[in-house]
Amino acid sequence: MGSKFWVVLGVFAALLSHLVLANASSSFTSPILVEADKWVEIEPSKALEIANDYLTNRSLSEPNDDRLPNLSRDDTDQRIRTPISTVHALIIASQAEFNLGRVREALQGLDKAEAITKQYHLLFLELDVRILNTRLLWLSDGEGARALDALRHIENDLETIRKGQSIANRTSYRIKILQAEIASAENEYELANHMYQKANAFIPQAKLSKWAVEYHTAYGEHFLRYRRYNEALSELLLAYWTAIELNSSDQLAHINQLLAQLFMQRRVLDKALEHLSQAADFYGNYPEAPILADVLKLMGDIYFLQGKYNLALVHYFNVIDHQATDKNIEKVIDIRISLASTYLQLYNYPLAEQYLTRAESLLSYADYPALKARAALLYAGLAYQQRKKDKVIEHATIALELSRSLNQTSLEQQAHQLLALGYEQQGHYQEALAEIKKANSLRIHQQDQLNQISEDAFRKQKQFVEQGLHYEAQDQKLKEALEKQKKFQKVALGLFFALSVIALIAFRLFYVSRRNKAELKELNDTLFSHARSGLPNLRLLNAKLPSSLLRTQSHFEQWQVGELIHEPLSDRLRFVMIDLPFLRNMYLQNGYKSGLELERAFGEFIRNKIENPARIYHFSDANLLYIEPSIKPRTAESLFEEIQSWVDEFEPNRHINRIVRVGMANYPFLPRAYTAINDKELLDILLIATYMARDVSMKESKSHWVYLKAIDNAPAASLATEDIRQACRTAIKQGLIKVHSSSQNEDGFKKILTSE
């Protein structure tokens, strides 16, 4: 069985070689290629399909293509592929072809990739392609000397183009790791160690990375090949825990295979089976994965060593049913020999002979000395059970010669044991005793090797103890830190709940305040807005105007007694009463619904025309009150024309009465007696002026304005009566109040006042 383990280990070596390069070169610019690269080792057929689709469905863009500057780094334009991404796709396709057993197609794909790198001067990428080409050639033909020579040329070319340190380090790492693997396979143990250590120098040490996992995995496998179990275990466990920390499940599955191989050779079978089960859990998600067949085969071998032959048969038959098995004749022969060996242990000699015969027929077309030696041992064992004395000696002798040529101690020992049994059946006891002595000698040699391994382990026990003591101290510190962390978490949790309650209360108060403000605003809008036009209404005017005038009066009195430096009311207000006949008649003309819409539209229109600090109020159904500061000089006529323009601009296509009647007055009304006129009296004066404009407008059927202005020397006593309207008419007749109007007929105004 020992030779069988080395065959499996060799298969794992090839798979790991592919894995190291695939992951180390995973700096692909396209998400599609990143996805394809993940499938190279797990399901190479799927990776090949994705890469070929990428190459077929996209056109190659030249460097001077106008589309290239607009491409993002992730190659999202699905119509084209860059030269770099094309090379990456060819690399993936070649690796997949190689893993599927199509070596010639893989090398042809790499030739295409190298040609593209040379055409577009992709210097570092060209070296990557050459390294991969060297690896695949070495794995296919096993000529390590030629591969090392090719790597020396690549290394020389790298030194001539070394520019970016990180890129050069990546390429140097690939060269050194491949040199180390070749040296290890060529039985150059010390040289391989040296190359692995050199490769480690090019790995970024600042943080954990997949490079580190790959390196420790490859280094551990190197030690495993030379049965340096302690060193192999150290490297593989380091890779194992790093892969767990990085959550790299594919790398972890591969490391589990190697750990299973290690424990299997040390005969710690339960631990080996545990790691293999973890690997099988991962690869079981990919039924077509070629590696799954190797995992199942190894699990069958462990069950065989445990004496669980039925479980071993189940796993062996699963391997036979896997599609990857038929593509590799060595695996086909190996599984049939394993089945024959299992049936031999179950005393099912016909089936054992049947599978052994099939394996022998395939071995006649292939040169696998280790498998031939195992087959010869099985033939000898089967002949011994069937009492075929001469056949036992014949096949055991063949197995002995093959095992010696392979330097396989375990196979050689089994051959001597079978020879002893064969001679014993023939009655040649002296020869049988001699073979038993040789077998025991080989067994003692193997035990000495195991003892030597145990001695090496004992020598390192001091280091392990020291590390354990350090670990205990660190563990105690960790417990203390965790205890403090728990206390802090409790305090933080209490504060969090307290702050949460406060935040909820604050949020509730904010919500209630915001809702109350919204309700208050809605009430104010409803209370102080005209129900139809939406303009500020008379209620708002009555609420604001008296207090404003009262405040003005107070300021004026303070100025009179010297409490204020600046004279108040230096900036006067202009009050304008606007009478719009169409607002009075629009419901009769258009109906209630259309009238509402028209009045609302007019209100929005007028609101947009008013600029701060001017104000406008909906005084009554057809009357608006407009108030503006008289800071900038303007004539009454210009103000009237502006108001007329507003009415003319409102829905010019609608047929409405555009006549405007305007009454105007300033506040304070009496220049020498600022506080003589209150708010209600001022509104009465405006209504008189508007009435005069309305009367003239009705007679002439056009817009008119009237502006009442008291003379500078008008006494306050002239208006100090309870009937402000009568006092105003009297002041107009006496000339104390001048009537300015768009009509020059003063006699007409006096008749209006007399008739009133």
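Taking the conditions (1) in a helix (DSSP H, G or I); (2) surrounded by 21 or more Cβ atoms within 10 Å (Cβ to Cβ); (3) among the aliphatic types (A, V, I, L, M) in turn, Ile677 satisfies each one other than (1). Note on the range 464-477: residues that are open to solvent by less than 90 Å² (accessible area, probe 1.4 Å) and at pLDDT 60 or above amount to 3. Would a scan of the range 80-101 turn up a residue that is in the same structural domain as Thr56 (by the TED database), more than 23 Å from Lys210 (Cβ to Cβ), open to solvent by 10 Å² or more (accessible area, probe 1.4 Å) and of a type in the set (Lys, Arg)? The answer is yes, given that some residue of the range 80-101 is in the same structural domain as Thr56 (by the TED database), more than 23 Å from Lys210 (Cβ to Cβ), open to solvent by 10 Å² or more (accessible area, probe 1.4 Å) and of a type in the set (Lys, Arg). Inspect the range 230-239 for any residue being without any contact (Cβ under 8 Å) to a residue 12 or more places away in the chain and assigned to a loop (DSSP other than H, G, I, E, B) and give the result as yes or no. No, every residue in the range 230-239 fails to be without any contact (Cβ under 8 Å) to a residue 12 or more places away in the chain and assigned to a loop (DSSP other than H, G, I, E, B).
The selection criterion, being more than 20 Å from Leu313 (Cβ to Cβ) and either assigned to a helix (DSSP H, G or I) or in contact (Cβ under 8 Å) with a residue 60 or more places away in the chain (or both), does not hold for Leu377.
Here the range 14-40 is the region considered, the condition is being at pLDDT 85 or above and open to solvent by less than 20 Å² (accessible area, probe 1.4 Å), and the residue that is farthest from Gln251 (Cα to Cα) is Leu33.
Counting only strands (runs of 3 or more DSSP E) that fall entirely inside the range 568-650 and contain at least 3 residues that are open to solvent by less than 10 Å² (accessible area, probe 1.4 Å), of a type outside the set (A, V, I, L, M, F, W, C) and closer than 24 Å to Leu687 by Cα, no element qualifies. The conditions of being under 40 Å from the mean Cα position of the chain (by Cα) and under 29 Å from Gln385 (Cβ atoms) are met by Lys297.
The set of residues in the range 193-229 being within 26 Å of Arg267 (Cβ to Cβ) and open to solvent by less than 50 Å² (accessible area, probe 1.4 Å) consists of His216, Thr217, Ala218, Tyr219, Gly220, Glu221, His222, Phe223, Leu224, Tyr229.
The rows are residues; the columns are (1) in contact with a Ser or Thr (Cβ under 9 Å, 6 or more places away or on another chain); (2) more than 18 Å from Asp270 (Cα to Cα); (3) surrounded by 20 or more Cβ atoms within 10 Å (Cβ to Cβ); (4) modelled with pLDDT of 90 or more.
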{"site": "Leu298", "(1), (2), (3), (4)": "no, no, yes, yes"}
{"site": "Ile302", "(1), (2), (3), (4)": "no, no, yes, yes"}
{"site": "Gly307", "(1), (2), (3), (4)": "no, no, no, yes"}
{"site": "Ala312", "(1), (2), (3), (4)": "yes, no, yes, yes"}
{"site": "Ala324", "(1), (2), (3), (4)": "no, yes, yes, no"}
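Every test in (1) in contact with a Leu (Cβ under 8 Å, 6 or more places away or on another chain); (2) modelled with pLDDT under 55 is passed by Arg67 save one, and that test is (1). Whether any residue in the range 178-195 is assigned to a helix (DSSP H, G or I), modelled with pLDDT under 90 and in contact with a Leu (Cβ under 8 Å, 6 or more places away or on another chain) is what I want to check. Checked the range 178-195: no residue is assigned to a helix (DSSP H, G or I), modelled with pLDDT under 90 and in contact with a Leu (Cβ under 8 Å, 6 or more places away or on another chain).
The values are calculated or read from the model by the stated rules, or taken from the named source; none is laboratory data. It should be emphasised that the depicted structure is a prediction, and the values quoted were computed from it without experimental measurement. Counting neighbours? That spans all protein chains shown, and the Cβs are built from the backbone with ideal geometry, glycine included. All accessible areas refer to the heavy atoms of the entire protein, side chains included, with ligands and DNA or RNA removed. Shrake-Rupley method; radii C 1.70, N 1.55, O 1.52, S 1.80 Å.
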